[in-house]
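Notes for the one structure printed next.
The values are calculated or read from the model by the stated rules, or taken from the named source; none is laboratory data. Everything quoted here is computed from the prediction, not taken from an experiment. Cβ placement follows ideal geometry from the backbone for every residue including glycine, while neighbour counts extend to all protein chains displayed.
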Amino acid sequence: MSELFKDLFKKAQYITIPDSIKNLPDSKKKSKEEVSSEPKIVCTKCKKEVAPDKYAVALRVCPHCGAHARLNARDRIAMTVDEGSFEELFSEITSANPLEFEGYTEKVEKLRSQTRLNEAVVTGRARIHGEACMLAVMDSTFMMASMGSAVGEKLTRLFEAATVERLPVVIFTASGGARMHEGTLSLMQMAKVSAAVGLHSDAGLLYITVLCDPTTGGVVASFAMLGDVILSEPKALIGFAGRRVIEGTIGKKLPEDFQSAEFQLEHGFVDAIVPRAELPEKIALIIGLSKGGEAR
Amino acid sequence: MSEKQTVDALTKFTLSRHKDRPGVRDYVSHIFTDVLELHGDRSFGDDPAMYTAIARLEGIPVTVIGHVKGHTVQANIASNFGMAHPEGYRKAMRQMKQAEKFGRPIITFVDTPGADCGVGAEERGQGLAIAENLRDMMGLRVPIISTVIGEGGSGGALGIACANRVLMLENATYSVISPRGFASILWKDPTREKEAAQTLRMTADDLLALGIIDEVIPEPEGGAHLDHIAAADVLKVNILKNLSDLLEKDKEMIYNERYEKFRKMGQYKIIE
């Protein structure tokens, strides 16, 4: 245990603080300059202040209330994989504009330069506590990590490659759902990726999903819920329909914890809620215990 | 044909939801014989928004599945306006697995505004229910033919539409979101519904061009609601034509062709 923490603390130092602060939902209104000149971090959940160095060491988990802040893909990968083990795959894939939706191409291009990502999911090969796997991390700073054709294609290729190489797949999900800008083509990605999940599963291979805040809509109604083992970070929002949509349907307010990770655990849809610091160890444990699968 | 071009996407969307438009039960009674409706998901209950049956299509044993909408307000309340709950999707999957066991092709009729968005649906795992249907339909070794007969509303529609052949009636629509929802989310202006319907490319002709569906089935003059029997006759001929083609193929080919068909969907760019 102490070995594990030592390792994690070491890794935490590689996380670039200003990048992380920039992505906090509450700091959205502030410009980059304001943020970098402001040393304090305010937890989005309990609104209490946290010293940036402490926050980084705690992997951006609030020491007051335990809220797990949203992470971008780069930080998530740094916190999760064995140092130097990540090899990115399919990074050449980005969105087209099949419906010729006004402003979509420009939006994607702007985000590409801002986030230095080509799409809302980063895919590749990695080792987690020594265990080889194919890894995908969705990045909610890129159009709420919504799934369009590019995200669907990258994930499908990842499952297909994992099937050929007989590797487990680990996905950190976070998404607003299907990407509206690509219309029904986005919807079809749900079927495409789910088919690839089935292909990989039929080969007797392991698939772990880690549901992170927020995982919703078409991603919940496809690959996010299809893991052999489904883990979640504490207090993550996980649900099919949007809160406002449901409130509109039933005509009243929903309780605060509705669609939380804890709600999903209670209703039987999540295997375990695992705090961020323990995730790599738990993922490696599950992989180690799941190597006896054979093709159907 | 000239009329076709003058019908805009929003008009088609309205037509696709017309209260007199034939629903799954109307088509079933005209297309199949020896029909036996089967109920329940064997876990929670029976969802009246999802119809499942075994029947014969010109003598061939088949499994029939479809969303249920009513022609009256009362009938619509009884079937939740075609919005299925998780138990509806699980009932459909139970029947589809049984179809595979007994080698029955699966014929589905898609007609829903979307999956139910209520508290019960969330508590019973709406996301999981649809996700499992997508994965498991894609893995079935029997032919599947789906027809969007009215409204193809997002994941709720796709949950019974991962088929070898996806047909669509001329005035049906199929979309990731309603035009109003699209306009509200992307333009913050729900009144731009007409423009949204156009932009979404949700009509049968649009989706054929995008490679999402395989065939557009013509409707009687003015729309299927004006002549249920004529609409059913044309649809039956087209389902049979596709089925006889699929029955020539072996199990693995049925699986592979369906996988490859969906595998190709999507348009993206390669950079560097």
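Going residue by residue through region A:66-83, is there one that turns out to be in the same structural domain as A:PRO280 (by TED's automatic domain parsing) and without any contact (Cβ under 8 Å) to a residue 40 or more places away in the chain?
Checking region A:66-83: not a single residue is in the same structural domain as A:PRO280 (by TED's automatic domain parsing) and without any contact (Cβ under 8 Å) to a residue 40 or more places away in the chain.
Could you pull out the residue among A:LEU158, A:LEU71, A:LEU99, A:LEU135 that is closer than 20 Å to A:LEU185 by Cα and surrounded by 24 or more Cβ atoms within 10 Å (Cβ to Cβ)?
A:LEU158
Residues in region B:98-118 that are touching a residue at least 40 places away in the same chain (Cβ under 8 Å), hydrophobic (A, V, I, L, M, F, W, C) and not in a strand (DSSP E or B): how many?
Selection size over region B:98-118: 3.
Just the residues that are of a type outside the set (D, E, K, R), part of a loop (DSSP other than H, G, I, E, B) and either at the interface with chain B (Cβ under 7 Å from one of its Cβ atoms) or surrounded by fewer than 18 Cβ atoms within 10 Å (Cβ to Cβ) (or both), please, taken from region A:87-96.
Scanning region A:87-96 gives A:SER91, A:ALA96.
Inside region B:254-268, can you point out the residues that are more than 7 Å from chain A (Cβ to nearest Cβ) and aromatic (Phe, Trp, Tyr)? If you could, list the steps in order and put the result at the bottom.
Step one: list which residues in region B:254-268 are more than 7 Å from chain A (Cβ to nearest Cβ), which gives B:254-258, B:260-261, B:264.
Once the filter is applied, which keeps residues that are more than 7 Å from chain A (Cβ to nearest Cβ) and aromatic (Phe, Trp, Tyr), region B:254-268 yields only B:TYR255.
Among the residues of region B:210-231, how many are within 14 Å of chain A (Cβ to nearest Cβ) and either closer than 13 Å to B:LEU167 by Cβ or among the basic types (Lys, Arg) (or both)?
Going through region B:210-231, the residues within 14 Å of chain A (Cβ to nearest Cβ) turn out to be B:210-214.
Checking the rest, the ones that are also either closer than 13 Å to B:LEU167 by Cβ or among the basic types (Lys, Arg) (or both) come to B:212-214.
Going through region B:210-231 one residue at a time, the tally reaches 3.
Can you name the number of the only condition in (1) at pLDDT below 95; (2) within 10 Å of the chain's Cα centre (by Cα) that B:LEU158 fails?
(1)
What number of residues within region B:183-196 are among the basic types (Lys, Arg) and either under 21 Å from A:GLY217 (Cβ atoms) or within 10 Å of chain A (Cβ to nearest Cβ) (or both)?
1
Tally the residues that are over 23 Å from B:LYS97 (Cβ atoms) and in contact with a Gly (Cβ under 8 Å, 6 or more places away or on another chain), restricting the search to region B:47-76.
4
Pick from region B:67-91 the residues that are of a type in the set (Gly, Ala, Ser) and touching a Ser or Thr at 6+ places or on another chain (Cβ under 6 Å): which of them is surrounded by the most Cβ atoms within 10 Å (Cβ to Cβ)?
If we take residues in region B:67-91 being of a type in the set (Gly, Ala, Ser) and touching a Ser or Thr at 6+ places or on another chain (Cβ under 6 Å), then B:GLY82 is surrounded by the most Cβ atoms within 10 Å (Cβ to Cβ).
Would you kindly identify the helices (runs of 4 or more DSSP H) lying entirely within region B:119-182 that contain at least 2 residues that are more than 7 Å from chain A (Cβ to nearest Cβ) and buried (at least 24 other Cβ atoms within 10 Å of the Cβ)?
The qualifying helices (runs of 4 or more DSSP H) are B:126-139, B:154-158.
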